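Peer 1: Please see the structure below; I have some questions.
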Amino acid sequence: MTDEKYSLADYQGAASTLCKACGHDAISASIINACYEMQIEPHKIVKVSGIGCSSKTPTYFLGKSHGFNAAHGRMPSIITGANMAHKDLTYIGVSGDGDTASIGIGQFMHTMRLNLNMTYFVFNNGCYGLTKGQVSATADKERGTRKYPASHMEEIDLVRLAIISGATFVARGYAGNKKQLVEIIKRAINHKGFAFIDVVSPCVRFNNDKSSTKSYPYMKSHLGEYGGESIITQEEALAALQKIKDDNKVPTGVFYENNLVLDAHDMLQTTSTPLRELNEDKLCPRSSALVGVNNKAR
Amino acid sequence: MAINKENKVNDVLIRFANINGSGSLSANSLFTKAVFRAGVPVGSKNIYPSNIEGLPTWYEIRVSEKGYLGSRGKDADVIVCLNPESLDDDVTKVSRGGYFIYDNIVKLDDNKKRNDIAYMPMPFTVLAKTEFDSPKARNLMKNIIYIGALAALVDLDLDILKSVILDEFKGRDDVVVQNYKALELGYNYAKSHYALPSKFVIEKRNLNKDKILFSGNSAQALGAIYGGATVLAWYPIAPSTTSADAFAKYAKEFRIDELTGKKNYAILQVEDEIASIGAVIGASWNGARAFTTTSGPGISLMTELLGMAYFAEIPAVIYNVQRGGPSTGMPTRTQQADLISCAYASHGDTKNILLFPSNPTECFEMAADAFDIAETLQNPVILMSDLDIGVNNVTTGEFKWDDKREYKRGKVLSAQDLEEMEGDIARYKDIDGDAIPYRTYPATHPTKGAFFTRGTSHDEEALYSEKAEDYKIIVDRLKDKWRTAEDYVPEPILERKHDMFDVGVLYFGSTKQAVDEALDMLEAESIYVDAMRIRALPFNEEVEKFIKKHNRVIVIEQNRDGQMRTLLINELNINSKKLESILVYGGAPITAAEIYEQMKELL
């Protein structure tokens with residue numbers, strides 16, 4: 001422990017302004033612990049978030065890293081651009097179920113297809129916390145929140161969706177099980193490609209009734225875990241997920257881990273030097289090349 | 001057949017009426033290039049439908065020794081018609097004493113026959129069928145046959161056309177031979193059946209020595225390469241798509257690492273324009289030069305994130321090839337109608353820097369400069385091209401580059417800067433008094449320089465704040481930064497300075513061709529007005545001086561609501577009664593005749 005270069009403090013951020021017992025704070029703590037245990041250079045982490053209670057959290061962890069609190073549903077495109085500029089940093093994207101499953105669903109899908117090398121979190125509480133309690137697209141079909149009635153619409157299971165949409169590492173964690181979450185995060189960060197972590201993170205203010213599958217009481221009695229071998233096919237991943245659901249439990253664990261797919265930069269064949277470090281010598285063809293361009297245009 | 005009167009040398013408007021998707025564009029472009037090689041200024045305009053194949057399309061070639069390359073209007077001196085559907089209408093558009101070349105498989109209606117033009121029926125289909133074997137060859141070579149006939153009509157040296165064909169199909173000898181054959185077929189038939197050349201002749205000159213034939217879209221893509229862009233995120237949209245294609249082509253040519261074969265760039269065709277601008281902002285934030293190319297509807301989608309880039313002070317470069325609006329509008333027609341939506345994109349108080357190129361040469365220069373400007377001012381910069389400049393090949397000044405030029409990255413603190421400074425970065429503080437703060441790229445220094453970028457209100461240390469005082473410091477500084485930007489954007493050009501009348505004309509962008517010609521027409525009648533060409537927003541102080549100096553100021557633009565006029569009133573606090581408008585907005589490029597007539601009415 002004393003040989004470490006970085007202490008836990010090097011990974012901490014500002015004090016949280018979220019509600020007491022909000023699940024998100026446990027996730028922040030898990031991110032801090034995971035990065036600390038991995039001893040990643042703190043300033044070489046880039047954190048981008050959308051808008052929502054979830055997206056406030058990057059202020060509460062990794063204070064030495066640059067952060068970007070972007071626009072609602074648009075974290076994926078921002079972090080894609082950032083990743084293009086410098087492929088060798090560690091990219092952490094934080095989003096919520098409103099941010100990702102509604103307005104952000106398009107960018108979420110296409111960034112998975114890109115297999116962008118990043119860790120993408122959804123802090124999932126089945127509601128819109130910051131705007132005071134509306135149901136989200138991941139909320140239980142027939143159950144409303146403390147403030148709003150049920151949607152009666154098909155709920156989106158982001159883990160299922162991620163498995164079939166190009167993500168190459170798919171997991172679900174739970175704010176009430178930090179030990180498991182820290183391990184999931186470490187594996188996700190190590191994974192070269194799009195790593196998706198859906199974290200059940202109860203909203204104590206608007207959606208913590210025991211009838212909600214995203215509440216502390218429900219999770220306490222229905223927590224399921226996949227602890228088996230690494231799954232490398234989509235079909236097996238879906239099956240493992242379904243098996244736990246059939247047992248009337250909420251599936252947590254790493255459900256899919258495919259290391260054979262090229263990540264975005266490999267697919268794009270970008271040069272080994274991060275693009276932002278290229279200078280005029282590499283980028284500007286200069287006047288000599290213009291001779292040819294001009295001549296071809298005569 | 002009309003008797004040739006006195007020759008009109010190097011002064012002709014040729015219009016082709018084709019069926020789109022038939023390969024005519026390539027053939028017609030060959031002719032444009034041949035005229036260029038004959039040393040005469042030439043410009044082409046492609047008038048095409050929003051369709052893939054089967055509908056009428058027109059292509060105009062304006063040959064002008066005097067350099068008048070703008071759209072001339074409804075009438076053309078020579079019309080080559082290969083589309084029976086538009087034929088009756090095309091006949092009405094031949095100028096008096098002009099020529100109508102058409103395929104003789106079409107029987108003309110005697111009732112509609114004009115006696116003030118010359119008809120030249122030609123066996124295009126018949127010749128193509130008898131002389132070429134495959135259906136594909138017959139379809140394509142039919143076009144080259146009419147090019148040959150046209151060459152005979154205007155006395156254009158066939159050798160020049162052959163040299164263009166040779167370059168176009170280099171390495172494909174059989175194709176070259178086939179094209180030569182078709183060319184000669186058309187030329188010889190026309191020559192042997194009609195008294196040619198006509199009075200419209202093209203004589204060789206040497207006026208294109210330091211010029212090239214280029215389009216705005218290709219030029220701006222080249223500008224992005226030269227300007228150091230490493231990331232392009234884009235979504236297909238007419239008429240900007242060819243710009244993205246051109247960037248990909250130039251990147252393949254100029255940006256492959258010699259040793260490894262890997263790419264010194266990344267091109268992402270993303271899922272929509274919101275993703276485009278998001279990626280541009282993310283890449284720019286993280287230290288790369290990034291851009292997107294789009295048109296009006298794309299700009300509308302981008303507005304939320306443009307506001308974020310404005311407020312969070314992140315560089316962003318956007319090329320807007322404007323088209324007919326609003327909404328889906330006219331995807332293949334031209335307008336200059338996105339000025340307000342670009343200048344003030346986004347809710348809240350926002351302002352974007354706009355650049356107004358007038359030709360492909362300026363597209364190249366401004367496309368490259370946009371990155372320096374965006375990074376220096378830490379603001380979005382939008383290059384305001386349009387369909388007329390973007391898709392058409394025109395004679396324009398050759399591209400030049402100063403090899404000593406270094407990219408202006410703006411105020412970016414390095415690891416060393418951070419190490420040497422006392423304390424840490426205050427991201428949004430005005431240190432130097434020019435309203436531009438300092439930024440850092442992510443991962444610069446182990447313990448210093450990190451800050452939070454946010455679209456929410458913030459204080460000078462980039463901390464979240466809802467306090468009125470903190471908010472006002474930021475937005476008031478942004479207003480000052482707007483004034484600083486005046487010094488970094490292209491200056492207006494006083495194109496005409498006569499000081500004889502109290503009338504001044506303000507214009508910008510693609511209207512330049514028609515304005516130049518119209519002003520010459522007026523001067524030929526001893527009407528001398530001053531003219532200033534605006535090249536950027538924010539407006540240089542010379543623009544305000546120009547307005548103040550003249551009693552009457554006429555703003556010429558291609559939109560219904562006089563958007564440039566509105567910007568001038570709003571930005572410079574001009575009395576609205578001072579600025580009058582000449583507005584052309586039907587989707588066809590503005591013509592000198594329209595400007596001339598409206599000026600005469602106003603004056």
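Peer 1: Before we move on, is A:C22 surrounded by 18 or more Cβ atoms within 10 Å (Cβ to Cβ), more than 13 Å from every other protein chain (Cβ to nearest Cβ) and within 20 Å of B:A462 (Cα to Cα)? Steps first, please.
Peer 2: On the way: surrounded by 18 or more Cβ atoms within 10 Å (Cβ to Cβ): yes; more than 13 Å from every other protein chain (Cβ to nearest Cβ): yes; within 20 Å of B:A462 (Cα to Cα): no.
Spelling it out, it is not the case that A:C22 is surrounded by 18 or more Cβ atoms within 10 Å (Cβ to Cβ), more than 13 Å from every other protein chain (Cβ to nearest Cβ) and within 20 Å of B:A462 (Cα to Cα).
Peer 1: So in the stretch A:43-55, with the set limited to residues that are buried (at least 24 other Cβ atoms within 10 Å of the Cβ) and of a type outside the set (S, T, Y), which one is nearest to the other protein chains (Cβ to nearest Cβ)? Don't jump to the end; show me each part of the working.
Peer 2: Going residue by residue through the stretch A:43-55, those that are buried (at least 24 other Cβ atoms within 10 Å of the Cβ) are A:45-55.
Checking which are of a type outside the set (S, T, Y) leaves us with A:45-48, A:50-53.
Numbers: A:I45: 8, A:V46: 5, A:K47: 9, A:V48: 7, A:G50: 11, A:I51: 8, A:G52: 12, A:C53: 14 Å.
Result: A:V46.
Peer 1: Collect the residues in the stretch A:257-286 that are within 7 Å of chain B (Cβ to nearest Cβ) and either hydrophobic (A, V, I, L, M, F, W, C) or over 45 Å from the mean Cα position of the chain (by Cα) (or both), keeping them in residue-number order.
Peer 2: Of everything in the stretch A:257-286, those that are within 7 Å of chain B (Cβ to nearest Cβ) and either hydrophobic (A, V, I, L, M, F, W, C) or over 45 Å from the mean Cα position of the chain (by Cα) (or both) turn out to be A:L268, A:L275, A:L278, A:L283, A:C284.
Peer 1: Among the candidates B:T303, B:T292, which residue alone is without any contact (Cβ under 8 Å) to a residue 60 or more places away in the chain, closer than 20 Å to B:L537 by Cβ and within 12 Å of chain A (Cβ to nearest Cβ)? Spell out the reasoning first.
Peer 2: Details: B:T292 fails: without any contact (Cβ under 8 Å) to a residue 60 or more places away in the chain.
Among B:T303, B:T292, only B:T303 is without any contact (Cβ under 8 Å) to a residue 60 or more places away in the chain, closer than 20 Å to B:L537 by Cβ and within 12 Å of chain A (Cβ to nearest Cβ).
Peer 1: What is the number of the single condition among (1) on the phi > 0 side of the Ramachandran plot; (2) modelled with pLDDT of 95 or more that B:G23 does not meet?
Peer 2: (2)
Residues are listed down the side, and each one gets a yes or a no for (1) within 22 Å of B:Q322 (Cα to Cα); (2) touching a residue at least 40 places away in the same chain (Cβ under 8 Å); (3) more than 10 Å from chain A (Cβ to nearest Cβ):
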site: B:N217; (1), (2), (3): yes, yes, yes
site: B:A224; (1), (2), (3): yes, yes, yes
site: B:A233; (1), (2), (3): yes, yes, no
site: B:L259; (1), (2), (3): no, no, no
site: B:K263; (1), (2), (3): no, no, no
site: B:E271; (1), (2), (3): yes, no, no
site: B:A283; (1), (2), (3): no, yes, no
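Peer 1: Now, a different point. Given the structure, is B:I353 touching a Cys at 6+ places or on another chain (Cβ under 7 Å), aliphatic (A, V, I, L, M) and closer than 30 Å to B:S465 by Cα? Reasoning before the result, please.
Peer 2: Numbers: touching a Cys at 6+ places or on another chain (Cβ under 7 Å): no; aliphatic (A, V, I, L, M): yes; closer than 30 Å to B:S465 by Cα: yes.
Here the answer is no, as B:I353 does not meet what is asked.
Peer 1: For residues that are surrounded by fewer than 22 Cβ atoms within 10 Å (Cβ to Cβ) and within 15 Å of B:R15 (Cβ to Cβ), scanning just the stretch B:65-82, find the one that is nearest to the chain's Cα centre (by Cα).
Peer 2: So, considering only residues that are surrounded by fewer than 22 Cβ atoms within 10 Å (Cβ to Cβ) and within 15 Å of B:R15 (Cβ to Cβ), the one nearest to the chain's Cα centre (by Cα) is B:G73.
Peer 1: Which of the helices (runs of 4 or more DSSP H) found entirely inside the stretch A:156-262 contain at least 2 residues meeting this: buried (at least 19 other Cβ atoms within 10 Å of the Cβ) and in contact with a helix residue (DSSP H, G or I) (Cβ under 9 Å, 6 or more places away or on another chain)? It would help to see each step written out before you state the result.
Peer 2: Working: elements: A:158-163, A:178-190, A:216-222, A:234-246.
Filter on the stretch A:156-262 gives A:158-163, A:178-190, A:234-246.
Peer 1: Then there is this: Can you find, within the stretch B:404-437, the residue that is modelled with the lowest pLDDT among those that are within 19 Å of B:K481 (Cβ to Cβ) and within 14 Å of another protein chain (Cβ to nearest Cβ)?
Peer 2: So the first thing to find is which residues in the stretch B:404-437 are within 19 Å of B:K481 (Cβ to Cβ), and the list is B:408-413, B:425-437.
Next, from what is left, pick out any that are within 14 Å of another protein chain (Cβ to nearest Cβ): B:408-410, B:412-413, B:425, B:427.
Details: B:K408: 98, B:R409: 98, B:G410: 98, B:V412: 98, B:L413: 98, B:I425: 93, B:R427: 98.
This residue is B:I425.
Peer 1: Continuing with this model, one more query. In the stretch B:149-197, what count of residues is obtained for those that are closer than 23 Å to B:K129 by Cα, of a type in the set (S, T, Y) and surrounded by fewer than 16 Cβ atoms within 10 Å (Cβ to Cβ)?
Peer 2: 1
Peer 1: Next question, about the same structure. What are the residues in the stretch B:250-293 that are of a type in the set (V, I, T) and within 15 Å of A:A82 (Cβ to Cβ), if any?
Peer 2: Pass one, the stretch B:250-293, residues of a type in the set (V, I, T): B:256, B:260, B:267, B:270, B:274, B:277, B:280-281, B:292-293.
Hits for the stretch B:250-293 are B:V270, B:I277, B:V280, B:I281.
Peer 1: Just wondering, is there one or more residues in the stretch A:140-149 that are in contact (Cβ under 8 Å) with a residue 12 or more places away in the chain, assigned to a helix (DSSP H, G or I), under 19 Å from A:S54 (Cβ atoms) and not basic (K, R)?
Peer 2: No.
Peer 1: Looking for something crowded, with 19+ Cβ neighbours inside 10 Å, within 23 Å of the chain's Cα centre (by Cα), small (G, A, S) and modelled with pLDDT of 95 or more - is there at least one such residue anywhere in the stretch B:528-538?
Peer 2: Restricting attention to the stretch B:528-538, the residues satisfying the condition of being crowded, with 19+ Cβ neighbours inside 10 Å are B:529-538.
Okay, now just the ones that are also within 23 Å of the chain's Cα centre (by Cα), so B:531-538.
Filter once more, keeping what is small (G, A, S): B:531, B:536.
If we keep only those that are modelled with pLDDT of 95 or more as well, we get B:531, B:536.
Yes, there is a match, as at least one residue in the stretch B:528-538 is crowded, with 19+ Cβ neighbours inside 10 Å, within 23 Å of the chain's Cα centre (by Cα), small (G, A, S) and modelled with pLDDT of 95 or more.
Peer 1: Please work out which one of (1) touching a Ser or Thr at 6+ places or on another chain (Cβ under 7 Å); (2) surrounded by fewer than 24 Cβ atoms within 10 Å (Cβ to Cβ); (3) at the interface with chain B (Cβ under 10 Å from one of its Cβ atoms); (4) within 18 Å of B:T444 (Cα to Cα) is the condition A:D10 fails and give its number.
Peer 2: Evaluating A:D10 over (1) touching a Ser or Thr at 6+ places or on another chain (Cβ under 7 Å); (2) surrounded by fewer than 24 Cβ atoms within 10 Å (Cβ to Cβ); (3) at the interface with chain B (Cβ under 10 Å from one of its Cβ atoms); (4) within 18 Å of B:T444 (Cα to Cα) leaves (1) as the failure.
Peer 1: Take A:E225 and tell me if it is touching a Pro at 6+ places or on another chain (Cβ under 9 Å) and over 21 Å from A:S95 (Cα atoms). Please lay out each step first, then the result.
Peer 2: Values: touching a Pro at 6+ places or on another chain (Cβ under 9 Å): yes; over 21 Å from A:S95 (Cα atoms): yes.
Here the answer is yes, as A:E225 does meet what is asked.
Peer 1: Still on this structure, I have one more. Identify, from the list B:L140, B:L150, B:L156, the residue that is touching a strand residue (DSSP E or B) at 6+ places or on another chain (Cβ under 9 Å), touching a residue at least 24 places away in the same chain (Cβ under 8 Å) and closer than 25 Å to B:E53 by Cα. Let's see the steps before the verdict.
Peer 2: Working: B:L140 fails: touching a strand residue (DSSP E or B) at 6+ places or on another chain (Cβ under 9 Å); B:L156 fails: closer than 25 Å to B:E53 by Cα.
Just one listed residue meets the conditions, B:L150.
Conditions tested, residue by residue: (1) crowded, with 24+ Cβ neighbours inside 10 Å; (2) in contact with a helix residue (DSSP H, G or I) (Cβ under 7 Å, 6 or more places away or on another chain); (3) more than 9 Å from every other protein chain (Cβ to nearest Cβ).
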position	(1), (2), (3)
A:H66	yes, no, no
A:S77	yes, yes, no
A:M112	no, yes, yes
A:S136	yes, yes, yes
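Peer 1: Against the definition (surrounded by 17 or more Cβ atoms within 10 Å (Cβ to Cβ) and under 30 Å from B:E544 (Cα atoms)), how does B:P437 come out, yes or no? Break it down stepwise before answering.
Peer 2: On the way: surrounded by 17 or more Cβ atoms within 10 Å (Cβ to Cβ): yes; under 30 Å from B:E544 (Cα atoms): yes.
So B:P437 fits the description; yes.
Peer 1: Looking only at residues in the stretch A:215-269 that are in contact with a Ser or Thr (Cβ under 9 Å, 6 or more places away or on another chain) and among the β-branched types (V, I, T), which one is nearest to A:G129 (Cα to Cα)?
Peer 2: Taking the candidates together, the pick is A:V250.
Peer 1: If a residue must be free of Cβ contacts under 8 Å to residues at least 24 places away in the same chain and within 14 Å of chain A (Cβ to nearest Cβ), how many such residues does the stretch B:33-84 contain? Let's see the steps before the verdict.
Peer 2: Kept after step one, since they are free of Cβ contacts under 8 Å to residues at least 24 places away in the same chain, are these residues of the stretch B:33-84: B:74, B:84.
Adding the requirement that they be within 14 Å of chain A (Cβ to nearest Cβ) leaves none.
Number satisfying all stated conditions: 0.
Peer 1: Keeping to the stretch B:265-299, report how many residues are touching an Asp or Glu at 6+ places or on another chain (Cβ under 6 Å) and among the polar types (S, T, N, Q).
Peer 2: Qualifying residue count, the stretch B:265-299: 1.
Peer 1: Kindly check whether there is at least one residue in the stretch B:81-89 that is within 26 Å of B:E517 (Cβ to Cβ), in contact with a helix residue (DSSP H, G or I) (Cβ under 7 Å, 6 or more places away or on another chain) and not in a loop (DSSP other than H, G, I, E, B). Can you show your working first?
Peer 2: Restricting attention to the stretch B:81-89, the residues satisfying the condition of being within 26 Å of B:E517 (Cβ to Cβ) are B:89.
Subsequent filtering for residues that are in contact with a helix residue (DSSP H, G or I) (Cβ under 7 Å, 6 or more places away or on another chain) retains none.
No - not one qualifying residue is present in the stretch B:81-89.
Peer 1: I'd like to verify a number: residues in the stretch A:80-90 that are surrounded by 24 or more Cβ atoms within 10 Å (Cβ to Cβ) and in contact with a helix residue (DSSP H, G or I) (Cβ under 6 Å, 6 or more places away or on another chain), how many?
Peer 2: Taking the stretch A:80-90 as the starting set, the residues that turn out to be surrounded by 24 or more Cβ atoms within 10 Å (Cβ to Cβ) are A:80-85.
This time we only want the ones that are in contact with a helix residue (DSSP H, G or I) (Cβ under 6 Å, 6 or more places away or on another chain), so: A:80-82, A:84-85.
Qualifying residue count, the stretch A:80-90: 5.
Peer 1: Here's a check for you: in the stretch A:263-284, which residue that is part of a loop (DSSP other than H, G, I, E, B) and in contact (Cβ under 8 Å) with a residue 40 or more places away in the chain is nearest to A:D157 (Cα to Cα)? Outline the logic, then answer.
Peer 2: First pass over the stretch A:263-284, keeping only residues part of a loop (DSSP other than H, G, I, E, B): A:263, A:269, A:271-274, A:278-279, A:284.
Next cut, in contact (Cβ under 8 Å) with a residue 40 or more places away in the chain only: A:263, A:274.
Numbers: A:D263: 24, A:P274: 35 Å.
My answer is A:D263.
The values are calculated or read from the model by the stated rules, or taken from the named source; none is laboratory data. Everything numeric here is computed off the predicted structure, so don't read it as measured data. Because the Cβ atoms are built from the backbone with ideal geometry, glycine has one as well, and the counts that use them run over all protein chains shown.
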